[in-house]
Amino acid sequence: MKIPVDTVMYGFDECHSFVSAANQCTCASSVLLAKYVANSPYFSMCFDDAWITAGQFLPHSLGFRCLLHRTFQQYSFPLTTSLQAPACMAFIHSYQDLSLPNGTPAGTSSPGSSSSLLNRLQLDDDLDGETHDLFVSVDDPKKHVSTMETYITYRVTTKTSRTEFDLPEYSLRRRYQDFDWLRNKLEESQPTHLIPPLPEKFVMKGVVDRFSEEFVETRRKALDKFLKRVADHPVLSFNENFNVFLTAKDLNSYKKQGLTLLTKMGESVKYVTGGYKLRARPLEFAAMGDYLDIFTQKLGTIDRIAQRIIKEESEYLVELREYSPVYSSWAGCEGELQKPLEGVSSCVSSSSSALEELTEDMSEDFLPVLREYVLYIESMKNVLKKRDQVQAEYEAKLEAVVLRKDEKSGVPADVEKCQDRVECFNADLKADWDRWQNNKRQDFRQLLTGMADRNIQYYEKCLAAWESIIPLLQEKPDIKSETD
Amino acid sequence: MADSGGPEAAQLSSNDPKGELGDVIPEEARSLLRKMEISVAEAEKRTGKNAVNMLETYTVYLIETRRVDSSAENQNFSPDSLWRRYSEFELLRNYLLVTYPFVIVPPLPEKRAEFVWHKLSADNMDPDFVERRRIGLENFLLRVASHPILSNDKIFYDFLTEENGWKEEVMETGFQPKLFILADSRLKALNATFRVKNPDKRFTELKHYSDELQSVTSQLLRVRARVADRLYGVYKVHGNYGRVFSEWSAIEREMGDGLQSAGHHMDAYAASIDDILEEEENYADQLKEYLFYAEALKAVCRKHELLQYELETAAQDLMSKKQQREELASGTVRTFSLKGMTSKLFGQETPEQREAKMRVLEEQIQEGEELLQEKKTECDEYVRNAWSDMERFTVQKDRDLREAMISYAVMQISMCKKGIQVWTNAKECFSKM
């Protein structure tokens, strides 16, 4: 089965035949599970031990993009791959070579394909082969003063080779409100996925200066991280709202439209919430929930400890600032000891400056990341709850059917739909969970290493200061011969 | 003859834990240390009845001495020893203060713990305090024993060697009443400051310096104690990371090991501050010594002021007596003098009366001249001696404080290096997460 390049794939039948073809692939013990959820652009497939999840047919795209999930490996099919099952399998087995099934190396694909961007892969932790064809950044905060209000906007820059975008580059300005809108839309439209968190919305006026350099910079970094995480997500990054956010000149009028392209794609994204109670969370997801509970606790403790350290260090700083001048004033009444005492005074001053830097850095870079993760976990727990509800709905409906004791063969379509929803949700969530775990590991490795680095730098600065005065202290004064 | 090598110098340095005596012994010092090793070896608690027949607990210190002969064969290996308590040291010092008022007498370690930060005990019975006091007392004895003048004092020698009867001996010197005078002189000196007409500029400067030294060292000690307190807090809080990392590692797969090991390093970091601050107490003790030295310096200045005042008073008295003689001889009577009044009231004196008066005056003037000369000599001698000791003191002070600062810098360097080590280890663990 060959899928024409410009066709939008939606039909169950096509998928079905594809699946059957894949069934004939030569991999031993391949387990094929193909479900297609009506009106949803998502499907899941399983090849061998490779679980392809959240494959998405993209309108006007050159094929399909999917995730190959294997522990932490996530992978994308180059878009020009033909969907012949053997081709798919060969591709999967050779993914380490990053070459197309027909043997051509990845770099020589058609210009519109994602694989041409593989060459431009930045050397970051994401060397698992994920294709990067969408780069975003948030920078250049500026204050806007109008008669109604004062606010900050940020420049959002996009560079991409994806055909979903009309232009390869975009640069426009967005404010926090816009980011908040985007996140809400993503949560609405992709309820089975973990949406990265935004920095805190509400700031206590009078306590924190919303326009101070430090606050704006901390927020900018968090917004940049948010956007990058969305851009790196194989499903979220194709979200229509995300596209609009990155490209639309007049976002406000778009917001007012209310209609999103997504509604054209399907309403199935609106899951039924409430009304159904889940009896027992499956072990896997229960484990996730437990982990999140404990992890939140530990993060809270770490946040408190970090804050306490900053407080103690600040108080230490206060005393150091009193300490240094005493040596100076002593130097003022001494003769020979003047230089040594001044030397000690300046060392203490240097230590003070170094300490000040340390506490500032920790405040600006360390604490916000912790808080971000707490927010992230909150939204993740909500997703888990939604999943529970979807499962509960399915189980309730299934029970109802069973109780009816209909002789009618098979399960009614809507129950099947529910089942599909559950499986889809589970698959999405699992994939995102693994992705999140991976990112979390990297984030915390970076965060804690950064903390260690800053402390090392602080001590190195102090060390340099004290070592530099040893020769001064050891300098024997000139022995003047005095004749009385 | 400076002995930079040889057995005495070696023994000196072994007696000199803080290295305060340096490498060179002053040439003039016929100090006791050349002939004798001195140390305060131990401290013990005793209980006994005090003067009001109440039971009290106090600490005694073991003073060990060993004669050192230039010939190595006659080395006596077992030291002589006796026990003394702090109050006896105080007696000795007060005696020295009175007997050698022009000497900047080395101070004793503090009676009660001051400038403590919260972890340090203010309890006199606390073992750390007792230990630091033992070192301080030894330091005191070594300083006295290396002083060119003080080291030759017999009472001091007996303090080191005669356990029994020393107290009576020192009392017999009659120094105690003089001590009251010394204390009293403080009050007198306050008045004297305003009345000395020709203050010696050098001593005025010295007094000024001693005030400044006292104020600045006490301020330094106070702030340093607060700094130590805060630093302690910073280190200890990091220990909490150890526990939370350990708990967190329990729910992690790959990150677990890295977290756990990093946590251990955080624990080590938190624990390291105890030793660091203990060592810093030595620096504080060195500063304290000079805080107390400032007081001794002030005492020398005060005594000088008093002498100066007495000299000026004697000169003034003499001058007025001479003036009276003039008047008597010339017959001039100042209208408003007492003589003028009495003569008006009671009539002129007879020549015999006048002659008698003249004789008395001449005697008084004679005595006055002698007294003035005495005072002058006393003052000059005092100034000479005090100034000489002042110069010795300045050299010692500059050397000691320089050494103290070097050792403080070394402590800071060591602390920084330890900090770098711990965080580098932790960083390695984090990077393996």
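Computed from the coordinates by the stated procedures, all read-outs in this text should not be read as laboratory data. These numbers were taken from a predicted model, which means no experiment stands behind them. For neighbour counting, all protein chains shown are included, and Cβ atoms are generated from backbone atoms with ideal geometry for every residue, glycine included.
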Cα-based reach from A:LYS256 at 13 Å (exclusive), listing aspartates and glutamates while leaving out same-chain residues under 8 positions away: A:ASP178
DSSP beta bridges in segment A:134-251 [antiparallel fraction, %, rounded to 5]: 95
Inter-site label distance for A:LEU283 and B:LYS35 at 7 Å from Cα along Cβ, in nm: 9.2
Additional length obtainable on full extension of the chain from B:GLU56 to B:GLU212, 0.36 nm per residue less Cα span: 52.3 nm
Förster radius 25 Å - calculated FRET efficiency between B:LYS201 and B:VAL395 (Cβ-Cβ, nearest 0.05): 0.70
Label-point separation in nm, B:MET358 to A:LYS476, each point 7 Å along Cα→Cβ: 7.0
Difference of contour (0.36 nm per residue) and Cα-Cα distance, A:SER353 to A:THR147: 70.1 nm
FRET E, pair A:TYR276, B:GLU247, Förster distance 35 Å, beta-carbon r, rounded to 0.05: 0.50
Protection-proxy order for peptides B:257-266, A:212-221, A:276-285, B:405-414, each taking the mean of Cβ atoms within 10 Å per residue, highest first: B:257-266, B:405-414, A:212-221, A:276-285
Contact order relative to length of segment A:134-251, as percent, for alpha carbon pairs under 8 angstrom and 6 or more apart: 30
Estimated distance in nm for a label pair at A:ASP209 and B:ARG67, the labels positioned 7 Å out from Cα along Cα-to-Cβ: 7.9
Computed Kirkwood radius, in angstrom, where 1/r is averaged over Cα pairs of segment A:283-474: 21.8
Listed pairs A:LYS143/B:LYS432; A:LYS255/A:LYS311; A:LYS255/A:LYS381; A:LYS339/B:LYS376; B:LYS35/B:LYS167; B:LYS35/B:LYS288 exceeding 32 Å between Cα atoms: A:LYS143/B:LYS432; A:LYS255/A:LYS311; A:LYS339/B:LYS376
Normalised contact order of segment A:283-474, rounded percent, pairs of Cα under 8 Å and 6 or more residues apart: 31
